[in-house]
Each structure stands twice: as structure tokens, then as C-alpha cells.
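Student: Structure provided below as C-alpha cells; questions to follow.
The values are calculated or read from the model by the stated rules, or taken from the named source; none is laboratory data. On a predicted model such as this, the values are computed, not experimentally measured, just so you know. Glycine gets a Cβ as well: all are built from the backbone with ideal geometry, and neighbour counts include every protein chain shown. For the accessible areas, the whole protein counts, side chains as well, though only heavy atoms, and no ligand, DNA or RNA atoms are used. Shrake-Rupley method; radii C 1.70, N 1.55, O 1.52, S 1.80 Å.
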Amino acid sequence: MSPLSWDGCAPATGRTETVREIDTNVPGLALRVTAIGAAALVAAVSGADRILLVEAGAERPDDAGPVRIRVEWRLPCTGATALWTPATGTRWLPPSWNTPRTASLPSGAPVGSLIATGDAALCTFAVGETVLPVTIGEGAVEESGEFVWWVEHELTPGGEPLRLRLDLTQRHFAETLADAAAWWAALVAPVAVPDAAFLPVFCTWYALHLDMTAADVERLAALAAPLGFAALIVDDGWQTDEVSRSYATAGDWQPAPGGFPDFGAHVKRVQSLGLAYLLWHSLPFAGDRSEAAERLAGHTLAHLPELETSVLDPGSAPVRAHLVERLAAAVEAYGVDGLKIDFIDTFARYARDQSAVAVGVHRLLAELDARLRADRPDLLVEHRQGYVGPGLWPYATMVRATDCPHNAVENRVRCTDLRLTAGPLAVHADPLTWHPQESPEQIAVLLQSVLFATPQVSVDLARQSPEQLAALRFWLSVGREHIDLLQRGGFRPHRPELGYPLLEARRGAGLAFGRYAPVTIPVTGEWELLLVANADPDPLVRLRFGQEPGRLLISVQDCTGAMLMVTGSAGDETELALDVPQGGLLTVRRTR
């Protein structure tokens, strides 16, 4: 392989660098490894079938200064249509000089995929570091028409080398990302996720915000349980009688005396309805008017005057002890079934030393997990998008899309991104919310947009019309009836550069599609049950079969589940077009 110019793909350091270019025997792939501040470089590439494992380490010099390893690689940028990363947003191809991103336990995940026409992954990469920061650069090189990546990581003295997995098989990008997640799974402790993590959740946040009492929560819980919800998240507001949007009283994590005078009895009343009870906590915050702020003064990363709070330092043993004790009280003293743990990414945002904070967050989560799961191994623990890497997996049961109220498209995209690399965790939607006058059809569209995730909902259920409640009840029932197919099946999103206009899941003899644009649906492989949720205003749903499907039983339901049509088909055609209203469901069964 002839050496290529690497100018501009990684920053100069001003320190001693040892560089080695490596021949991978993969046409078009150029790869090199750099050790920064090292006495010697050790690097090797293994693998076959265009899946490579790069391991790069270094000998530390006598002065014991920090040693960084950087791996850089590039490919011809031919046919590329999108760059997929866990940070939901535009799928544009950035220039190589774009600002690098940093992934660590409290922020992001070290993974990405360059996608070409037909959803084929030109290159999917993952780094085997699950806790400490990894700096990632990626972008198109203007001068050469190539795409270049670099990952850089500081080696821990006596620790493991940097491990980089490259998938150049050009399979569907979702398959390559699923394989990357499976590779990660071998690097972390086994994760047991209870079935309850995949069941629908009612959340208080958008419905009540901070203006809540025990009576308000119980009123909504009584309305939610008959609709098909299995859990209730009591969000911000339970710990304060204030209703302003500051965090001045956060940090003590004790029930507000005015709104929740007997918290244990309140929790039991909600649980008696058949709902699991989860309680919100924001770990980083010690509000200006909290006892925690005074007790933990000097153990903070920053003060945020606009939010009236300080950000605690997770590397501090007193901080960790305080947080473990307060969160454990929710479970041990009040009997809640789970915790919503929020704002972990805030630790990283205000850290001067990203490595120290990542280690501190890891210790905090591990100490909390050891305390809580000793008595409650089935405890439900939710974290949120933004900190979604494999280092989180041992300490969570579900991850949620970050806030996007009233936005069906954004919720769909964020849930889809989470599904691709969440490993064993249940993926939850940001709570769906809507105006009291919203149409049943559009409520159905909101639910269809998160069909392949666990739905969360947050509206005042008492203000909903019978038709609105019917749409909610119907789509919650569809999700629960087909939970294994929709949430645990093989997942294949289509056209990321267009915002995933078609989503697909397959499990056993079941096949399901979410249709979010007027696209033809390709029905391939073996199946006995086909579901199509039509979220697009165009009612003409076109199915293209890979082969003659045989005799079919076809039904169409509207957004509330009312049956509009039941018919049969000889199944001797490879294309079928049917009218399915927006918010409706098409069900096709093979009858042979």
C-alpha cells in the first residue's frame, strides 16, 4: 500500500510521536497508528472477512508521562449518503476539519457508521473503551475525496491497549451496528433486563411539570392503569413544593412535605392499581437552597447561577455516599420499584478532567447498583439519551430518547438511533404529549412513530375525549400484543439520510413496518403475520412481495382500532395496494 498524506485529519501535539502505517490487505483502506509520548509503539491487526480488530499499545517512557494512542484510517468516499453517530441530528457528511466529539461513560458512545446507497455500511467502527474518554474525528477530505476517521485515547498505566473494531463488509448498517453492540457486550458485566422494562409507561412531567401533589399523581395513575400502562414515572416536582423551573431545592431528595406528606402510603396506593412506581432523581445537582449544597460545599465541579444549583463532583467520596444514601432511601424506605436517573451528561459538560469524571461516574453507578440490587434485583432504572454507551449497561434497564415534546419525527429518529446500539436495554420514547384538542389520528401517529420502542405518555388523561382515549388504548394494546416482534425483533431502519421514512422489525414468523412517508414496502423472506402502521397522510399503502405470497387474510383498522375492512386475497400477485388511513393498522396473515 502506498503511503497517503494524512495532513489535517488529526491535531499536532508537539510531543514525541511514533508512527506506523499498517497494511490491512483491504483494498482502498489506509490505516496508521501513532503513539504520542511513548518509548515504543506496539500495534497489530487481526480478523477476516473484512472485519478487523486493531489493537494498539505503547511502552511508557521512564518519565512516566501520559501516553496517548491515535488510530487513523481512511477510505474512498464513494456512494456515501450519511454519517450515523449516536448523537441524533443531521446525517450530513462533515468535513475532516469538523470539531471532534468525545465519547465516555457520561457522554455518548464510541461508535459510528458511514452509510452508502442502499443503506450499506461502507465502514462501521466501534472502540472497546467503555468508561474513559475517547476522542473521535471523522469527515470528508476535500483534497482527496476520501473519508477519514481518527480515534484517540490516553492509555491507563498497566491497562489495556486501545481496541478498534472495523466492519467493512458493506452489509446493512443496522446489522453492522448490532454486531458492534454484541462485541461490546463481551466487554461488560452481563445485564439482566426484566420484562417490565419493555411495558408502557405514564410519566408526570409534561402533564404536571413541578405543580403536583400526591392526589394529582394518584388521579392520573387511576386513569392510566385501565388504558394499558404498566408503570408510572413521577418526575421532577415530588421533592419540592416550589413550582418554578429552577433546581434551587434539588439535592436533598426527600418528599415535599406539602405535596407528599405520607410518601410511603402514596406509593402503595399507586402500586395497588397495578402500576410499578419509578421516581426521578437528578444526580449532579445540589441546589442553592438545599442542605446538600452546604454539606457538600467544596465537592463541586461548577456553579450554574441561571439554574440556582451547583454541579457535584462524582469523583468525591462524600458526594457518592450522599447520593447512594438518598436514592437508596427511595427504594428501601418508600418501596418504589425503580428510579429515573437524570442529567448524567451534566457531569461531563462541566468537568475539567474528563477522565476523572468518567471514573467518578462509573464508581457512583457501581456503588449505587450494588446497594440497590442487593435487595431488588428486578429494580427498574432509566437513563437518558446522551449517555448511552456500553459502560452504562450494567447499571440500567432502559434508556430514553432525550426531550422532544410534540415532535413525532424527532422522537422516531431518537428512538431508532437508540435501538441500534442499546444492546440488551429497553429503549423508551420521550413521553408523548399533545394539545387537548389534538385529533385521534395525530395521537395515533405519535404512538406509531415510537412503535418500535417502549411508549411513554404524559398528558392530562382527564381532559381527553373518548375518541382520543380510544386511539391511545388501541395503539398501546398493539404494542403490548406484539411486544416481542416490535421491541425484541431484528430491527432494520431504512434511509437514515431521510429521517427513517420506513422502519422494519422481524421476529420468527412476524414482520412489522412503520410507514412514515409514501414509500413502497418491500416484503421479503418468510413470514406468516405482517403488520403495517401507516403514519403518513397518503392512505395508499403499496406492498411489494419478494415472491407470490399465497392466500392472504387482510384487515384494516382505523386509528381507534375500529375495523374498516376484512377481505381475502388469492395471493398470486407480487404487488398489492390497499387504502389504510393515517393512524391506521394493516394486518395481513398468510392462510395458505
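Student: Please report how far the C-alpha centroid of segment 184-217 lies from that of segment 436-513, rounded to the nearest whole angstrom.
Tutor: If you average the Cα positions of each part, the centres end up 17 Å apart.
Student: If each Cα of segment 341-408 is one equal point scatterer, what is log10 of I(q)/I(0) from the Debye formula at q = 0.18, 0.23, 0.26 Å⁻¹?
Tutor: The computed values of log10 I(q)/I(0) come out as -0.74, -1.06, -1.23.
Student: Can you put Thr402, Thr524 in order of accessible area, largest first, using a 1.4 Å probe?
Tutor: Result of the area sort, largest leading: Thr524, Thr402.
Student: Could you give me the radius of gyration and the Dmax of segment 384-524, taking only the C-alpha atoms into account and expressing both in angstrom?
Tutor: That works out to 14.9, 44 Å for Rg and Dmax.
Student: Going through segment 72-156, which trypsin sites (Lys or Arg not before Pro) have at most 10 other Cβ atoms within 10 Å and a DSSP loop state?
Tutor: Listed in order of number, the matching sites amount to none.
Student: Okay, moving on. With a cut-off of 8 Å between alpha carbons and a minimum separation of six or more residues, what is the relative contact order of segment 541-592 in percent?
Tutor: RCO, segment 541-592: 48 percent.
Student: Would you work out the relative contact order for the chain, in percent, from Cα pairs under 8 angstrom that are 6 or more residues apart?
Tutor: With pairs under 8 Å counted, the relative contact order is 11 percent.
Student: Could I ask something else about it? If you average over every viewing direction, what projected area does the convex hull of the Cα atoms of segment 64-158 give, in nm²?
Tutor: Averaged projected hull area, Cα only: 6.9 nm².
Student: Same structure again: Working with all protein chains in place, sort Ile483, Ile443 by solvent-accessible area computed with a 1.4 Å probe, largest first.
Tutor: Greatest to least solvent exposure: Ile483, Ile443.
Student: Would you kindly find the accessible area of His362, with a 1.4 Å probe and non-protein molecules such as ligands, DNA and RNA excluded, rounding to the nearest 10 Å²?
Tutor: 60 Å²
Student: Using only Cα atoms, what Kirkwood radius does the chain have, in angstroms?
Tutor: Averaging 1/r across every pair of different Cα atoms and inverting gives 25.6 Å.
Student: At most 13 other Cβ atoms within 10 Å and a DSSP loop assignment: could you name the trypsin sites (Lys or Arg not before Pro) in segment 218-268 that fit?
Tutor: Of the trypsin sites (Lys or Arg not before Pro), the ones in loops of segment 218-268 whose Cβ has at most 13 other Cβ atoms within 10 Å are Arg245.
Student: In a shell of Cβ-Cβ distance under 13 Å around Pro436, excluding Pro436 itself, what net charge do Lys and Arg (+1) and Asp and Glu (-1) give?
Tutor: Counting the neighbours of Pro436, the net charge comes to -2.
Student: Also, I was wondering about something else. Using just the alpha carbons, could you tell me how many Å³ per residue the convex hull of segment 154-242 encloses?
Tutor: 220 Å³
Student: I would also like to ask the following. What percentage of the solvent-accessible surface of the chain, computed with a 1.4 Å probe over protein heavy atoms, is contributed by carbon and sulfur atoms?
Tutor: Using a 1.4 Å probe with all protein chains present, the chain comes out at 51 percent carbon and sulfur.
Student: Mind grabbing the base-10 log of I(q)/I(0) for segment 322-440 at q = 0.15 Å⁻¹? Debye formula, identical points on the C-alpha positions, no solvent, two decimal places.
Tutor: -0.76
Student: Among rounded, prolate and oblate, which fits segment 106-145 when a ≥ b ≥ c are the square roots of the eigenvalues of its C-alpha gyration tensor, a/c under 1.5 means rounded, and a/b larger than b/c means prolate?
Tutor: Oblate.
Student: Which value, in nm² and rounded to one decimal, describes the direction-averaged projected area of the C-alpha convex hull of segment 167-315?
Tutor: Mean orientational projected area (segment 167-315, Cα hull): 13.1 nm².
Student: List the trypsin sites (Lys or Arg not before Pro) within segment 488-589 that fall in a DSSP loop (any state other than H, G, I, E or B) and whose Cβ has at most 15 other Cβ atoms within 10 Å.
Tutor: Arg551
Student: Using a/c under 1.5 as the rounded threshold, could you call segment 248-313 rounded, prolate or oblate? The axes a ≥ b ≥ c are square roots of the C-alpha gyration tensor eigenvalues, and prolate needs a/b larger than b/c, oblate otherwise.
Tutor: Prolate is the answer for segment 248-313, as a/c is 1.5 or above and a/b outweighs b/c.
Student: Now a separate question. Pairs of alpha-carbon atoms within less than 8 angstrom and 6+ residues apart define the contacts here; what relative contact order does segment 68-226 have, in percent?
Tutor: It comes to 23 percent, rounded to a whole number.
Student: A further question on this structure: Using a 1.4 angstrom probe on the protein heavy atoms only, could you order Val580, Val45 from most to least accessible area?
Tutor: Per-residue accessible area, sorted high to low, gives Val45, Val580.
Student: Then there's this: Sorted from largest down, give the three principal axis spans of the alpha carbons of segment 33-98, whole angstrom values.
Tutor: Its Cα atoms span 47, 30, 20 Å along the three principal axes.
Student: Follow-up. Name the long-range amide H neighbours of Phe285: under 5 Å, sequence gap of 5 or more, or other chain; modelled H, no Pro or chain starts.
Tutor: Here Leu312 satisfy the definition.
Student: On to the next question. Can I get the semi-axes of segment 132-175's equivalent ellipsoid? Compute them from the C-alpha gyration tensor as square roots of 5 times the eigenvalues, in angstrom, largest first.
Tutor: 26, 17, 8
Student: For segment 542-592, how big is the tail of P(r) above 16 Å, as a whole percent of Cα pairs?
Tutor: The share of Cα pairs beyond 16 Å in segment 542-592 comes to 39 percent.
Student: Moving on. Rounded to the nearest 5, what is the percent of antiparallel bridges among the DSSP beta bridges in the chain?
Tutor: Rounded to the nearest five, the antiparallel share is 75 percent.
Student: Still on this model: What is the percent of Cα-Cα separations in segment 404-449 that go past 11 Å?
Tutor: Distances greater than 11 Å cover 66 percent of the Cα pairs.
Student: Could you do me a favour and compute the accessible area per residue for the chain, 1.4 Å probe, result in Å²?
Tutor: 38 Å²
Student: Something else about it: Round to the nearest 10 and report in Å² the accessible area of Glu575, as given by a 1.4 Å probe over the protein chains' heavy atoms.
Tutor: 110 Å²
Student: Ala30's amide H: which non-local residues (gap 5+, or another chain) put their own amide H closer than 5 Å, with H modeled 1.01 Å from N in plane and none for Pro or chain starts?
Tutor: Correct list: Arg74.
Student: ³J(HN,Hα) across segment 24-34 via Karplus (A = 6.51, B = -1.76, C = 1.60, θ = phi - 60°), whole Hz, x for Gly/Pro?
Tutor: Result, ordered by residue: 9, 6, 9, x, x, 8, 10, 9, 9, 10, 10 Hz.
Student: List the extent of the Cα atoms of segment 435-592 along each of their three principal axes, largest first, rounded to whole Å.
Tutor: The Cα atoms of segment 435-592 stretch 48, 33, 26 Å along their principal axes.
Student: Give the Kirkwood hydrodynamic radius (Å, one decimal) of segment 274-378, defined as one over the mean of 1/r across all pairs of different Cα atoms.
Tutor: Value: 14.2 Å, from the Cα pair sum.
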